[in-house]
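Student: The structure follows.
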């Protein structure tokens with residue numbers, strides 16, 4: 001089964017990404033280690049830019065509404081995702097539990113249904 005892990009990061013973690021500091025190097029190193037550890041179960045994924053570049057679109061009554069930023073106000077923001085090929089949700093939970101963002105933000109797991117396409 002395929003499971004997507006949505007990575008919710010804190011504003012502090014987003015700030016570390018762009019800096020050339022020891023904290024930024026430690027941030028990226030923890031992701032390199034995690035990515036290597038889950039590599040054999042990973043079938044996709046990527047980092048995402050922060051809220052400042054997000055655009056939310058809704059169509060209501062035939063009218064398009066465009067909002068700068070994320071779809072909802074929250075402290076954490078979607079920072080990236082992985083797609084795992086696993087045997088069970090329990091296995092996905094094990095993989096997600098060691099994700100660096102789980103210690104400072106949150107991770108969410110969602111099964112990807114097989115649409116047969």
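Student: Within region 3-23, can you find the residues that are part of a loop (DSSP other than H, G, I, E, B) and surrounded by 12 or more Cβ atoms within 10 Å (Cβ to Cβ)?
Tutor: The one that is part of a loop (DSSP other than H, G, I, E, B) and surrounded by 12 or more Cβ atoms within 10 Å (Cβ to Cβ): 10.
Student: Counting only residues that are part of a strand (DSSP E or B) and surrounded by 14 or more Cβ atoms within 10 Å (Cβ to Cβ), which one in region 24-53 is farthest from the chain's Cα centre (by Cα)?
Tutor: Here the answer is 42.
Student: A further question follows. Is it true that some residue in region 72-89 is assigned to a helix (DSSP H, G or I), at pLDDT 95 or above and crowded, with 16+ Cβ neighbours inside 10 Å?
Tutor: Within region 72-89 (the criterion being assigned to a helix (DSSP H, G or I), at pLDDT 95 or above and crowded, with 16+ Cβ neighbours inside 10 Å), the answer is no, since none of the residues qualifies.
Student: Do we find that residue 30 is closer than 27 Å to residue 86 by Cα and touching a helix residue (DSSP H, G or I) at 6+ places or on another chain (Cβ under 6 Å) in this structure?
Tutor: yes
Student: Could I ask something else about it? In region 90-112, what residues are exposed (fewer than 13 other Cβ atoms within 10 Å of the Cβ), out of contact with any strand residue (DSSP E or B) (no Cβ under 9 Å at 6 or more places or on another chain) and farther than 17 Å from residue 29 by Cα?
Tutor: The one that is exposed (fewer than 13 other Cβ atoms within 10 Å of the Cβ), out of contact with any strand residue (DSSP E or B) (no Cβ under 9 Å at 6 or more places or on another chain) and farther than 17 Å from residue 29 by Cα: 90.
Student: Of everything in region 90-110 that's in contact with a helix residue (DSSP H, G or I) (Cβ under 7 Å, 6 or more places away or on another chain) and in a strand (DSSP E or B), which residue is nearest to residue 2 (Cα to Cα)?
Tutor: 109
The values are calculated or read from the model by the stated rules, or taken from the named source; none is laboratory data. Just so you know, these numbers come straight off a predicted model, no measurement behind them. Neighbour counts run over all protein chains shown; Cβ positions are idealised from the backbone, glycine included.
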